[in-house]
Amino acid sequence: MLIDFVPDGDLYPFESRWFDSSVGRVHYIDEGSGPPLLFCHGAPTWSFLYRHIVKDLRDRYRCIAVDYPGFGLSERPAGFGYTIGEHTAVLGELIDHLQLDGFVLMGQDWGGPIGLGAVTARADRVRGIVLGNTSFWPTEAMANRVFSMIMSSTPMQRRILEQNFLVERVLLAELGHKLTAAEADHYRRVQPTAEARAALAVTPREIRAAGPLLDQLARDVPVLLGDKPTLLVWGMRDMVFRPNACIPRMRAAFRHLDVVELPRARHFIQEHAPDVIAAAIAQRFP
């Protein structure tokens with residue numbers, strides 16, 4: 001299943017590119033030239049989330065932003081499970097296909113473990129890491145685990161699929177006052193039907209189900225990536241990835257870490273403070 005949606009060229013002024021992965025057609029953008037930056041989104045978003053940052057940086061960097069299968073403009077493949085492990089494998093295929101080397105990875109939300117999972121196997125090709133409002137260890141916070149259980153229940157799964165709950169009542173509840181109507185529609189219209197939202201329904205379950213993968217990442221990341229130059233850009237008002245719980249664990253994992261606090265930003269930091277994030281990346285990785 002392909003998504004029949006063409007982004008507004010004024011809002012998303014990028015050329016769509018396509019990669020035939022082992023599971024289906026994957027959409028990505030590849031803008032500018034220079035040191036490569038690979039941007040990995042979370043849920044319920046897509047590469048549109050990075051539009052401002054890409055526009056700011058593509059005059060100095062090669063900016064690549066991917067849509068995982070089931071998200072954005074990528075295919076919704078039959079038989080695909082949309083698990084974090086599966087997304088990680090597809091992202092690794094794209095990295096190899098593009099022959100990326102000396103690149104900086106940025107991951108936010110699920111983009112953190114998906115991106116880190118793909119690059120732990122390719123650590124020698126990684127120049128540096130940018131993480132924002134994410135984690136790469138098993139979820140321990142009771143509120144997050146309860147959210148996972150509630151969102152995995154049959155009534156809430158129905159609301160996610162039939163009413164686009166995660167976009168309407170989570171993403172737009174946070175960002176509605178910051179987005180124009182057209183921008184909000186770009187988050188809605190890439191998930192136009194219940195069938196197209198299958199990936200969104202899986203992500204809450206993965207908070208608990210991906211525990212073994214996250215446990216492995218918690219061991220691998222400090223060993224394989226801990227010496228990489230790393231930047232944290234953190235929304236300090238995020239109630240999901242609370243700074244007091246997450247930032248100390250990041251400091252323990254990465255030995256060359258800079259932290260940029262975004263005092264007014266909540267979870268979707270790319271919409272709250274794209275200019276600050278772009279400037280921080282340019283300063284950390286000139």
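Worth a mention:
- Condition check for residue 251: open to solvent by 40 Å² or more (accessible area, probe 1.4 Å), of a type outside the set (Asp, Glu) and without any contact (Cβ under 8 Å) to a residue 24 or more places away in the chain: yes
- Among the residues of region 94-125, those identified as in contact with a Gly (Cβ under 9 Å, 6 or more places away or on another chain) and open to solvent by 10 Å² or more (accessible area, probe 1.4 Å) are 109, 110, 117, 121, 122, 125.
- Taking residues in region 180-199 that are of a type in the set (Phe, Trp, Tyr), and partners anywhere that are part of a helix (DSSP H, G or I), the pairs with Cβ atoms closer than 8 Å and at least 6 places apart or on different chains are 187/48; 187/167; 187/171; 187/172.
- Selection of region 111-142 for residues being part of a helix (DSSP H, G or I), of a type in the set (A, V, I, L, M, F, W, C) and either at positive phi or touching a residue at least 40 places away in the same chain (Cβ under 8 Å) (or both) yields 114, 116, 119, 123.
One line per residue, one yes/no per condition, for (1) in contact with an Asp or Glu (Cβ under 8 Å, 6 or more places away or on another chain); (2) of a type in the set (Val, Ile, Thr); (3) farther than 28 Å from residue 144 by Cα:
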site	(1), (2), (3)
34	no, no, yes
44	no, no, no
50	no, no, no
62	yes, no, yes
67	no, no, no
77	no, no, yes
99	no, no, yes
115	no, no, no
118	no, no, no
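- Residue match in region 254-275 (condition: of a type in the set (Val, Ile, Thr) and either open to solvent by 60 Å² or more (accessible area, probe 1.4 Å) or not in a helix (DSSP H, G or I) (or both)): yes
- Residue that is surrounded by the fewest Cβ atoms within 10 Å (Cβ to Cβ), among those in region 126-178 that are at pLDDT 95 or above, among the hydroxyl-bearing types (Ser, Thr, Tyr) and within 22 Å of residue 223 (Cα to Cα): 135
- Residue match in region 213-232 (condition: open to solvent by less than 10 Å² (accessible area, probe 1.4 Å), among the small types (Gly, Ala, Ser) and either part of a helix (DSSP H, G or I) or closer than 19 Å to residue 41 by Cβ (or both)): no
The values are calculated or read from the model by the stated rules, or taken from the named source; none is laboratory data. Since we're looking at a predicted model, the values are computed, not measured. Here Cβ is always computed from backbone atoms with ideal geometry, including for glycine, and neighbour counts include all displayed protein chains. Surface areas here come from the heavy atoms of the whole protein model, side chains and all, with no ligands, DNA or RNA. Shrake-Rupley method; radii C 1.70, N 1.55, O 1.52, S 1.80 Å.
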